[in-house]
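The values are calculated or read from the model by the stated rules, or taken from the named source; none is laboratory data. As the structure is a computational prediction, the values presented were derived from the model and not from experiment. Here the Cβ positions follow ideal geometry from the backbone for every residue, glycine too, while neighbour counts run over all protein chains shown. Protein only, heavy atoms only, side chains kept; ligands, DNA and RNA dropped before computing areas. Shrake-Rupley method; radii C 1.70, N 1.55, O 1.52, S 1.80 Å.
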Amino acid sequence: MKEAMKSRIHLYEQCGHYVLVDVNSGAVHLIDRMIYDIMDIFDGTNDERVKQELAGKYEEAELDEALGELKELIDEKLLFAPDIEVPPTFKQKGVVKSLCLMVAQDCNMRCKYCFGDGGSYGQERAVMSPEVGKAAVDFLLKNAGLRKHFEIDFFGGEPLMNMKTVKAVTNYVHQKEKELNVHFKLTMTTNGLLLNEENRTWLNDNNLSLVLSTDGRKDVHDRMRPDAGGQGTYDRVMKNFKAMVDSRNGENYYMRGTYTKHNLDFTKDVLDMNDKGFDILSVEPVVAKDAPDYALTDAELPRIYEEYDRLTEAYMKRRREGRGFFFFHFNMDLSNGPCIAKRLAGCGSGHEYYAVSENGDLYPCHQFVGRGKYKLGDVFNGVNHPEVSQYFRESHVLNKPKCRDCWARFFCSGGCHANADLFNGDIREPWDTGCSIQRKRLESAILVQALMHEEGLSNDNEQA
Amino acid sequence: MKHIKTVNKPSMQSTLMTGGCGECQASCQSACKTSCTVGNQPCASRK
Ligand code: SF4
């Protein structure tokens, strides 16, 4: 097949199903084995060659029929849809819409894979003052253009260690919402140790979305997520998470975990979370370099692929049994996903999204905090390296050589800049192992959505 | 069709001229914030 055509489709087999993705339209087709074989050769015009090569395998009449169906798809622009270039809707300059506030660069846990060195990010342990927090809100509003929807994530370290600032910022945000008729979505990512009744009530009263960190099974969690004294934390945090989630009718949270080389059987961790009564779940690969005991490398890929197949099957099984759960990466809207501009921009780090360190410095995202050359300014004086910010803006998926030809480009949007910088010293050169995992995860998500559609299953969670 | 079942009605190409309002949620691509791939996101203006 001509190379140009090849980069317009993606063909795969998973769990006994054959799938054809048309990259530039986003169309997903469930196909049979014959189409699968044909598409390995077919480029839209070479019918004769297809027939020659597959003559021994299929009847000519069947091949004609199949080719006819493929031609219909081409006519409907659902196959080999034309390449997409940067559209005019992708504005030259981004406007700020979300911030990550490192309200506490300190933590009461010592997770072994923490990229923030136990919350400190290689700096002094310190917490953000309410003044810095409010200045961050002002910075956001000042640089937001005409936008009306914003997000702030309270992050750390452990944000519950600095409720004083969390509360001050939240009150300030509510005041600004009224004054300016804008809307903020507030999120907190917490390890759960300090989720006591007082905090629970406050978080519910103020409608904060929660991201609850645990790694799944007790032994897996305790191995990687000890407290500052080295003790396992599983029993304590799960008790708190349960009370937290029950107190908000099982809504407005995500439970998320990290898998490492120690738990490549992470389907069990996902199911364990579900069995413990949680049904909005996410588990993701650890990102770590030079950590031979737990980091993921290419050597683990076959095992990881196998595990995503297993997770796909387990996910579908529970859906079919009427006790489905959400798995973040599988939850994809194939028909009404984001626009092209968004698919190009990805996370927006460094131009639409910034992290604010404890003292008010601006970084492209929370993972860059402490990487000196990426300090972009501060919340009091704004961005003083607009050229770096612009470089991030222009580092969209079509400007990354590896991504241009990758079938996942409009789903993945070019991967994580921080990971690319960590592994390759260049935000435009994605981390290969991460890409391989990403593509497998996307294949799984697409298959899940295709099967749900075919079987008439809903994406809503059945259990309340 | 006998050999192909198309499962979605994709809208991506039609957003070439209309998208870009930017009201949607940011989407972290890393592994630490329930990272989502952009493909997981709903559009905030086309509800
Ligand atoms: S970051 Fe990797 S997986 Fe994502 S589009 Fe680029 S090459 Fe593909």
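Accessible area of the protein assembly as shown with a 1.4 Å probe: how many percent of it is carbon plus sulfur?
Carbon and sulfur: 49 percent of the exposed surface of the protein assembly as shown.
Before anything else, pin down the relative contact order of chain A: Cα pairs under 8 Å, at least 6 apart, normalised by residue count, whole percent.
16
Spelling out what I want: for every residue of the stretch A:270-284, take phi, set θ = phi - 60°, compute 6.51 cos²θ - 1.76 cosθ + 1.60 (Karplus), and round to whole Hz; glycine and proline get x.
4, 5, 5, 4, 5, 5, 7, x, 10, 9, 10, 10, 8, 9, 9
Loop-only check: which GluC sites (Glu not before Pro) in the stretch A:331-431 are DSSP coil with at most 10 other Cβ within 10 angstrom?
none
Kindly compute the accessible surface that chains B and A hide from a 1.4 Å probe when together, both sides summed, and give it to the nearest 100 Å².
Rounded to the nearest hundred, the buried surface is 5000 Å².
Tell me the mean residue ellipticity at 222 nm calculated for chain A from its helices only (DSSP H runs of n ≥ 4, each -39500 (n - 2.57), averaged over every residue, nearest 500).
-11500 deg cm²/dmol
State whether the stretch A:60-127 is rounded, prolate or oblate according to the following rule on the C-alpha gyration tensor (a ≥ b ≥ c being the square roots of its eigenvalues): a/c under 1.5 gives rounded; otherwise a/b larger than b/c gives prolate, and the remaining case gives oblate.
Because a/c hits 1.5 or more and a/b fails to exceed b/c, the stretch A:60-127 counts as oblate.
Considering amide H positions built from the backbone, and no H for Pro or chain starts, which residues 5 or more places from A:Ile9, or on another chain, come under 5 Å of its amide H?
Here A:Val23 satisfy the definition.
Using DSSP to call loops (not H, G, I, E or B), can you name the GluC sites (Glu not before Pro) in the stretch A:66-154 whose Cβ has at most 11 other Cβ atoms within 10 angstrom?
Details: sites: A:Glu69, A:Glu72, A:Glu76, A:Glu85, A:Glu124, A:Glu131, A:Glu151; in loops: A:Glu76, A:Glu85, A:Glu124.
Listed in order of number, the matching sites are A:Glu85, A:Glu124.
From the phi of every residue in the stretch A:342-348, what ³J(HN,Hα) in whole Hz does the Karplus formula 6.51 cos²θ - 1.76 cosθ + 1.60 yield, where θ is phi - 60° and glycine or proline is x?
Once rounded to whole Hz, the list reads 5, 5, 6, 6, x, 6, x.
Taking the Cα centre of the stretch A:232-337 as the origin, how large is its charge dipole in debye, to the nearest 20, when only Lys and Arg (+1) and Asp and Glu (-1) carry charge on their Cβ atoms?
With only Lys, Arg, Asp and Glu charged at Cβ, the dipole is about 420 debye.
How large is ³J(HN,Hα) for each residue in the stretch A:308-314, as worked out from phi by the Karplus curve 6.51 cos²θ - 1.76 cosθ + 1.60 (θ = phi - 60°), to whole Hz, x for Gly and Pro?
Per residue, the Karplus-derived 3J(HN,Hα) values read 5, 4, 5, 5, 4, 5, 5 Hz.
Rounded to whole Å and ordered largest first, report the semi-axes of the equivalent ellipsoid of chain A derived from its Cα gyration tensor (root of 5λ).
41, 27, 21
Is there a pair in A:Lys342/A:Lys400; A:Lys142/A:Lys185; A:Lys276/B:Lys5; A:Lys57/A:Lys77 whose C-alpha atoms are over 26 Å apart, and which pairs would that be?
A:Lys276/B:Lys5; A:Lys57/A:Lys77
Run a plain Debye calculation on the stretch A:319-464 (Cα atoms as equal point scatterers, no solvent) and give log10 I(q)/I(0) at q = 0.09, 0.15 Å⁻¹, rounded to two decimals, same order as the q list.
Log-scaled intensity ratios, in q order: -0.37, -0.83.
Filter the trypsin sites (Lys or Arg not before Pro) in the stretch A:46-135 to those in DSSP coil with at most 14 other Cβ atoms within 10 Å of their Cβ, and list the result.
On the way: sites: A:Arg49, A:Lys51, A:Lys57, A:Lys71, A:Lys77, A:Lys91, A:Lys93, A:Lys97, A:Arg110, A:Lys112, A:Arg125, A:Lys134; in loops: A:Lys57, A:Lys77, A:Lys91, A:Lys93, A:Lys97, A:Arg110, A:Lys112, A:Arg125.
Here the trypsin sites (Lys or Arg not before Pro) that fit, given the DSSP loop and packing criteria, are A:Lys57, A:Lys91, A:Lys93.
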